[in-house]
Amino acid sequence: MPQELDSRNLDFTGIIRPGDHIVWGQGSGEPQTLVELLVEQRHRIGHATVFLGGIAYTPTLKPEHADVLTFTGYGAIGNLRALVKANALQTIPLHLSQLVPYFNDGTIRSDVVFVQVSPPNDHGEYSFSLTNDYQQAAIAKARVVIAEVNEQAPWTYCDAYLTASQIDYIVPVSRPPVTLDARPIGEVEREIARHVGCYIEDGTTIQIGIGAIPDAVMASIGDRRDLGIHSGLISDRVADLIESGAMTNARKPIDTGIAVCCSLIGTGRVYRFGHRNPAIKIFTLMHTHRSEVLCQLGKIVAINSAVEADLTGQINAEVASGAYIGAVGGQVDFVRGAQLAAGGRSVIAMPATARDGKLSRVVARLTGPVTTARSDADIIVTEFGAAELRGQPLAERVRRMIAIAHPKFREPLERDAHELLRRGAF
């Protein structure tokens, strides 16, 4: 049976060994009390390596904590950007579909796992609550599992549950889980949503992220019927669509009638909605992101974002102005998986400009890495329209991409394209 520890006098020395690799849940799944105690006690514990995922919305981790802790992760979303800026986060480029296998074979070590769970149900099952992406795989390989049992974490239906036999230490807490407020929706986001909405019909299954553009898309499709969701994340907007009756998941060929994700992230609204709600099920990445599953979803539209796109359809979703701000994450998994499905489409949606209109996001050459290859390109959308690139030759792709750039950048893009085409440099 697990040992119960009081967070007020919890001492990690003797539990965590110098040189250990520590793993915890990301985003809304962050076990906040355990993470706070770790950084407070880091000098007593000694050097450890932490895999913290790719998303953090709490201000707990700071660059100065890298004096003892080595931080690794697959991305720099939210407050992790401060660690990247200070060169305190070592980024591991990977597809999310690879993450569970990496834990399974030891490519990424997990000696100690911190996990936030809900209080158990009548059967003694602790729900993974808000995030169930890679924790199960990390726990299976761990020497020590420390469960932060949060009285305020919702009990959600998952593909598996944690039992007392899998836990070494229980730390009871009662605090609000990590939340994320919605961003304002402006005219640009509404225009992008209007173009994206042309690809979403009744019965379409959607994969989508978080942010102003995803919120605008979801807010614009309330008139559709029998929509479905199979996504890495479910937000407040998804809860709105389910509650309104627009999203029933009734036409999904698999997981029929169930909203599928590996994480809930938003405000208390979606957390309350997810509590003991059998219409939502939280799976691991092996179900949400694997092509073998996605190809069975039929009419799915995967909607992802970009920092920039070049004239042939290559996508950079990781680096802006020389700073790592995003991730490879699940983008390529969904881009490819959606197009393997019968009737599936992949949409990359982004504003046409950045920095208050000073920079074009449609570029002749990417300024950062290629996250998604042009061979995977399907539809790219800005507020100026949609460029359908799948099956198109390079010259036609160039023409279509320039057409969705901001008008003030089209002439210089045409000049750059003419020179690159003349030299055969595309």
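Laboratory data are not the source of any read-out in this text; all were calculated from the coordinates shown. The model shown is predicted, which means the values in this text are computed figures rather than measured ones. Cβ coordinates were reconstructed from backbone atoms using ideal geometry, including for glycine residues, and neighbour counts include every protein chain displayed.
Summary of computed values
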item: For the chain, calculated [θ]222 nm from helices alone, where every DSSP H run of n ≥ 4 adds -39500 (n - 2.57); result: -7500 deg cm²/dmol
item: Other-chain or far-sequence residues with amide H under 5 Å of Gln90's (modelled H); result: Phe71, Thr72, Gly73
item: Within the range 63-163, chymotrypsin sites (Phe, Trp or Tyr not before Pro) in DSSP loop having at most 15 other beta-carbon neighbours inside 10 Å; result: none
item: Relative contact order (%) - the range 1-102, alpha-carbon pairs under 8 angstrom, separation at least six; result: 22
item: Estimated Rh, the range 327-426: Kirkwood, alpha-carbon pairs, angstrom; result: 14.4
item: The range 3-173, Cα convex hull volume normalised per residue, Å³; result: 109
item: Taking Ser360, Ser375, Ser263 and counting other C-beta atoms within 10 Å, the order from fewest to most; result: Ser375, Ser360, Ser263
item: Once the Cα gyration tensor of the range 187-422 is diagonalised, semi-axes √(5λ) in Å; result: 32, 18, 16
item: Nonlocal amide H pairs with Gln116, under 5 Å, H built at 1.01 Å; result: Gly25, Glu148
item: Cα-projected label distance for Arg276 with Thr107, points at 7 Å along beta-carbon direction, nm; result: 4.1
item: Long-range HN-HN contacts of Ala259 with modeled amide H, under 5 Å; result: Ile280, Lys281
item: Rounded to 5, percent antiparallel among DSSP beta bridges of the range 320-426; result: 70
item: DSSP bridge orientation in the chain - percent antiparallel, rounded to nearest 5; result: 20
item: Value of D in µm² per second that Stokes-Einstein yields for the chain, Kirkwood Rh from Cα pairs, at 25 °C (0.890 mPa s); result: 110
item: Mean separation of Cα contacts under 8 Å, 6 or more apart, over the residue count of the range 3-173: relative contact order %; result: 24
item: Dipole moment magnitude, nearest 20 debye, the range 187-422 about Cα centre, only Lys, Arg, Asp, Glu C-beta charged; result: 180
item: Average Cα contact separation per residue, the chain, under 8 Å, 6 or more apart, as relative contact order %; result: 14
item: Lysine-lysine proximity count for the chain, Cα under 27 Å, sequence distance 8 or more or distinct chains; result: 7
item: Distance from the range 298-362 to the range 177-254 (C-alpha centre basis), Å; result: 17
